[in-house]
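Here is the structure we will look at, set down as structure tokens.
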Amino acid sequence: MNTILRKSVLGIAGLAFTGGVFAGPVAAHAADTTHAVKPVSVSVQGDKLIPHGVQGEQSRIDLNDEQTANVKAIIAATKKAGMDERAAVVSIATALQESKLENLGHLGDRNDHDSQGLFQQRPSSGWGTVEQITDPEYSTTAFLKGLKQVDGWQDMPLTKAAQTVQVSAYPDHYAQWEQQAADLVAEHWNK
């Protein structure tokens, strides 16, 4: 591996590790509006949305207008980055886990370090300024840049792809949102 590529990969890995180790769960601030559902038939467009099937119990929340606007912003940023539906599914599932698709600012004592925005990215870990990471397009683009660095992300389970970028203390929690994320992409991708 050449030196520049190696430094880039190590830099991203360090950023992801630092952001994830100190990020932890953020759901404590939100009213628990989730409900578990058993895996059901999978939304598929071509074979890009869920190539491995849904893993485990699935959760689903009802979205308000702000959350739906954030779904649309994630999809628009994914298209702008030249990535496909699968990237949007991974991004939306990640944002569902990290913030329930709410563009969170600083939560005071309930904040996990300086994590903010849809993806709970941290300015102190190099994700960008507070203004940047609370901008849905910027934060999605930053997440997608990390995802692009993951070799084979398109063919791995969603939770593994998301975890490789986020490095969460709860790596398996992303999987519970795959069905809802796929349904949202199927609903909004062509609008």
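Couple of notes before you dig in:
- Near Leu96, once Lys and Arg are set to +1 and Asp and Glu to -1 for all other residues with Cβ below 13 Å from its Cβ, the sum equals -3.
- Three-way shape call for segment 64-191 based on the alpha-carbon gyration tensor, with the a/c threshold at 1.5: rounded
- Local net charge near Thr164, Cβ-Cβ under 12 Å (Lys/Arg +1, Asp/Glu -1): +1
- Surface share of carbon and sulfur [accessible, 1.4 angstrom probe, percent] for segment 77-187: 46
The values are calculated or read from the model by the stated rules, or taken from the named source; none is laboratory data. None of the values given here were measured: they were computed from a predicted structure. Heads up, the Cβs are rebuilt from the backbone with ideal geometry, glycines too, and the neighbour counts pull from every protein chain shown. All accessible areas refer to the heavy atoms of the entire protein, side chains included, with ligands and DNA or RNA removed. Shrake-Rupley method; radii C 1.70, N 1.55, O 1.52, S 1.80 Å.
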